[in-house]
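To start, the structure under review is shown below, and the notes come after it.
The values are calculated or read from the model by the stated rules, or taken from the named source; none is laboratory data. These figures come from a predicted structure and were not determined experimentally. Cβ placement follows ideal geometry from the backbone for every residue including glycine, while neighbour counts extend to all protein chains displayed. Areas reflect the complete protein model, heavy atoms only, side chains present, ligands, DNA and RNA absent. Shrake-Rupley method; radii C 1.70, N 1.55, O 1.52, S 1.80 Å.
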Amino acid sequence: MNLRIKSFEEYQSKYKQSVANPEQFWAEIADTFSWQQKWDNVLDWNFNDPSIKWFSGGKMNITENLLDRHLKDRGNKVAFHWEPNDINESGKSITYNELHKEVCKLSNGLKELGIEKGDRVCIYMPMVLEATVAILACARIGAVHSIVFAGFSSSALANRIDDAQAKLVITSDGLNRGTKKVDLKSMVDEAVKDCSSIQHVLVLDCIHSKPTMKEGRDIDYHALINKQPHDCTPETMDAEDMLFILYTSGSTGKPKGVVHTCGGYMVYTSYSFENVFQYEENDVFWCTADIGWITGHSYIVYGPLLSGATSVIFEGIPTFPDAGRFWQVCEKYKVNQFYTAPTAIRALMAHGTEIVNKYDLSSLKVIGSVGEPINEEAWNWYHEHIGKGNCPVVDTWWQTETGGIMLSGLGDLSPMNPTHAGFPLPGIQPALLDSDGNEIIENDQEGYLCMKFPWPSILRTTYGDHDRCKNTYFSNYKGYYFTGDGAKRDKNGMYRIIGRVDDVINVSGHRFGTAEIEDAINTNSFAIESAVVGYPHDIKGQGIYAYVVVDKSHTGSEREISASLIESVSSGIGRIAKPDKIQMVTGLPKTRSGKIMRRILRKIAEGEKANFGDTSTLLDPSVVEEIVGNSK
Ligand code: PRX
């Protein structure tokens with residue numbers, strides 16, 4: 001809503017203002033939104049507890065800002081064009097007026113089911129319009145949504161439901177994915193079996209599979225909403241009330257529930273959306289992420305709607321019915337800003353340019369990348385063949401925890417350098433730290449990427465375990481938020497992300513902890529112990545390499561054992577986390593104190609045969625020779 005910076009000089013001056021007087025800077029931006037009551041304090045913070053509060057005392061509802069506020073001038077404007085998986089099926093478009101009505105109906109329906117402000121609602125849905133309606137209905141009544149990506153297994157879903165103590169799951173009978181149909185309802189049935197917090201399961205009909213409905217628990221989506229009034233007064237929320245929980249993986253333990261709150265998240269997603277994509281009224285925006293990830297939350301749902309934008313929601317996959325699908329959708333809706341992941345670019349690049357050139361991509365103004373480092377070859381291909389050399393590539397670096405884009409070019413305003421995310425957005429104060437925790441002031445240096453000042457959409461806590469939040473993000477370097485990434489600042493001050501420096505692997509832009517995958521492998525009766533590392537993968541960015549010590553007393557061929565181990569990961573986490581390579585080993589390289597030397601395993605996975613550095617602390621060096629000898 002007119003938060004857009006219009007030149008690089010303006011960016012530089014805004015940036016200076018935002019550092020010199022952050023409170024004034026953000027208060028002016030927050031003032032452009034609609035508040036039921038103005039805040040008492042713009043910012044209260046310390047990174048030690050940590051305790052971060054933006055606009056506290058301010059009363060608002062985010063859906064009032066992204067729906068009601070637009071109805072007068074944009075009521076008949078399309079909020080979303082929904083493009084189905086099947087290219088022959090006609091899509092659906094929904095206006096702001098219609099979306100408002102649908103959200104109100106479901107909000108009333110949720111209330112009828114006994115959902116109240118502060119209750120947690122789990123959303124496990126395909127990429128359909130109703131998923132967005134479900135998110136917004138929760139926000140309207142003050143319920144906290146926890147979206148679980150529909151590619152996660154029932155056991156992963158159950159863990160997340162349990163951790164959040166969700167009362168309700170909103171799901172569908174199934175989903176369409178290329179030529180396949182996936183049965184979601186039985187996954188939910190399996191998941192909620194032992195989740196005592198669940199009172200109801202709300203089921204949308206997507207694939208007409210007529211699933212079995214459990215009497216008293218399961219409710220048909222349309223049966224619930226059809227009888228509801230078309231208006232629902234938004235709940236009054238404090239700016240610091242929880243808006244949502246989103247689970248993400250870290251280097252240790254189970255995935256943690258990152259908590260975002262209403263006011264700051266609203267201000268930052270809208271501000272970053274308009275600036276990074278240089279969004280102008282009447283543009284058509286398309287982010288290809290799934291709503292189950294933070295990118296979908298911030299740049300399919302909240303950011304674009306807060307700005308009153310028209311966006312595309314796509315149900316399908318980039319390669320169905322063929323590898324031209326993304327470009328066909330861009331042409332069909334005359335997309336102006338296109339936002340995707342490097343893994344998709346690399347996968348489509350492999351299909352050549354002939355299929356790209358069948359479509360008219362002249363509407364594109366800005367093309368974006370997110371989720372993982374983009375290699376130079378993919379960057380160049382994207383710039384030349386999709387952007388036709390005319391569109392800036394915005395390489396946006398951010399995280400589930402940051403809520404919004406932190407480092408990036410701003411459309412065509414900023415200088416570009418392939419593989420460099422670029423400069424910090426106004427209000428973002430990055431720092432590179434050395435291993436002693438000292439800030440590196442000079443340019444052209446590498447270090448641990450941290451943030452030294454809060455921004456409005458920084459995570460507030462990890463659900464139910466504030467110590468975990470403190471230990472994970474605020475303890476490594478006192479007084480800083482630690483991102484887990486390594487980065488280089490070049491001589492001009494542009495940031496280039498090197499990658500994770502912890503035990504997190506980024507597979508096709510999806511984040512997994514090595515420990516989480518090892519835990520899933522270790523549930524298998526063939527496995528005694530395992531160690532998982534990432535290795536460079538042409539399409540996925542990183543592939544998953546699992547070294548597994550197998551119980552010799554079992555009979556079974558290597559193929560059978562591998563298949564069984566993969567099945568354990570698929571059922572424990574989801575197919576997206578299945579190892580690309582499994583090597584069965586008789587032992588793992590451990591120090592005398594029993595710690596696995598992952599550094600060596602990483603090198604072997606990268607194809608290294610020797611030169612493992614200092615191995616003097618290894619308990620049994622012959623283990624390394626054996627692993628190298630049989631490496632995949
Ligand atoms: O390692 C960084 C990588 O993805 C991590 C965050 O993952 P997640 O919370 O799942 O959020 C992904 C989408 C925002 C980061 O710690 N990452 C994200 N964007 C980039 C990136 N690495 C390099 N370049 C990027 N543009």
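Overview of results
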{"item": "Nearest-0.05 FRET efficiency for S251 and T586, computed from C-beta distance (R0 22 Å)", "result": "0.25"}
{"item": "Cross-link table K92/K254; K101/K470; K16/K470, entries beyond 32 Å C-alpha to C-alpha", "result": "K92/K254; K101/K470"}
{"item": "Kirkwood Rh in Å, taken over the range 505-630 so that all alpha-carbon pairs contribute", "result": "14.8"}
{"item": "Order by protection proxy (mean Cβ within 10 Å, highest first), peptides 230-236, 271-277", "result": "271-277, 230-236"}
{"item": "Fully extended contour minus Cα-Cα distance, from T419 to H208, at 0.36 nm per residue", "result": "71.5 nm"}
{"item": "Cut-off under 5 Å, modelled amide H: who pairs with V258 long-range", "result": "L246, Y247, T248, Y463"}
{"item": "Local electrostatic count at K16 - Lys and Arg +1, Asp and Glu -1, tallied over other residues with Cβ under 12 Å", "result": "-1"}
{"item": "With every protein chain in place, the range 373-435: carbon and sulfur % of accessible area (1.4 Å)", "result": "44"}
{"item": "Span per principal axis, largest first, for the Cα atoms of the range 586-625 (Å)", "result": "26, 21, 15"}
{"item": "Listed residue (C195, I147, A166) projecting farthest to the positive dipole end of the range 96-235, Cβ model", "result": "I147"}
{"item": "Accessible-area value, R599, 1.4 Å probe, nucleic acids and ligands omitted, Å²", "result": "90"}
{"item": "Extreme residue, positive dipole direction of the chain, given options V335, I5, S209 (C-beta unit charges)", "result": "S209"}
{"item": "Computed over the chain, Cα set: Rg, Dmax in Å", "result": "24.1, 74"}
{"item": "Solvent exposure of the range 96-235 as accessible area per residue, Å², 1.4 Å probe", "result": "37"}
{"item": "The range 1-45: trypsin sites (Lys or Arg not before Pro) falling in loop per DSSP and having at most 15 other Cβ within 10 Å", "result": "K6, K38"}
{"item": "Length-normalised contact order of the range 505-630 in % [C-alpha pairs under 8 Å, at least 6 apart]", "result": "23"}
{"item": "Heavy-atom SASA rank of E83, E280, E442 (probe 1.4 Å, accessible area, largest first)", "result": "E442, E280, E83"}
{"item": "Positive minus negative residues near N61 (Lys, Arg vs Asp, Glu; Cβ under 11 Å)", "result": "-1"}
{"item": "Packing-based order for 478-488, 259-269, using average beta carbon neighbours within 10 Å, highest first", "result": "259-269, 478-488"}
{"item": "The range 1-101 - percent of accessible surface contributed by carbon and sulfur, probe 1.4 Å", "result": "43"}
{"item": "Solvent exposure ordering (accessible area, 1.4 Å, most first) of W293, W286", "result": "W293, W286"}
{"item": "Student exercise, the range 196-263 dipole from Lys, Arg, Asp, Glu Cβ charges, in Debye to nearest 20", "result": "440"}
{"item": "Long-range amide H partners of G422 with built H, under 5 Å", "result": "Y495"}
{"item": "12 Å beta-carbon shell around A191, net charge (K/R +1, D/E -1)", "result": "-1"}
{"item": "Most to least packed among 111-119, 125-133, 246-254 [average Cβ atoms within 10 Å]", "result": "125-133, 246-254, 111-119"}
{"item": "Karplus-derived HN-Hα couplings along the range 35-45 (A = 6.51, B = -1.76, C = 1.60, θ = phi - 60°), whole Hz, x at Gly and Pro", "result": "10, 6, 8, 5, 5, 8, 10, 5, 8, 10, 7"}
{"item": "Length-normalised contact order of the chain in % [C-alpha pairs under 8 Å, at least 6 apart]", "result": "13"}
{"item": "Relative contact order [Cα under 8 Å, 6+ residues apart], the range 142-251, whole percent", "result": "33"}
{"item": "In the range 334-371, trypsin sites (Lys or Arg not before Pro) in a DSSP loop with at most 14 other beta-carbon atoms within 10 Å", "result": "K334, K358"}
{"item": "Among the listed pairs K77/K111; K167/K193; K6/K365; K552/K609; K38/K452; K105/K227, those beyond 19 Å (Cα-Cα)", "result": "K77/K111; K552/K609; K38/K452"}
{"item": "GluC sites (Glu not before Pro) lying in DSSP loop within the range 329-416, provided at most 10 other Cβ fall within 10 Å", "result": "E354"}
{"item": "N41/H466 FRET efficiency (R0 25 Å; Cβ-Cβ; nearest 0.05)", "result": "0.75"}
{"item": "At R0 = 41 Å, FRET efficiency that the Cβ-Cβ distance of S435 and I576 yields, to 0.05", "result": "0.80"}
{"item": "Extended-chain gain in nm, criterion 0.36 nm per residue less alpha-carbon gap, K358 and E190", "result": "56.0 nm"}
{"item": "The range 326-385, Cα convex hull volume normalised per residue, Å³", "result": "74"}
{"item": "Amide H within-cut-off set for S311, under 5 Å, with H built and near neighbours excluded", "result": "F80, H81, F285"}
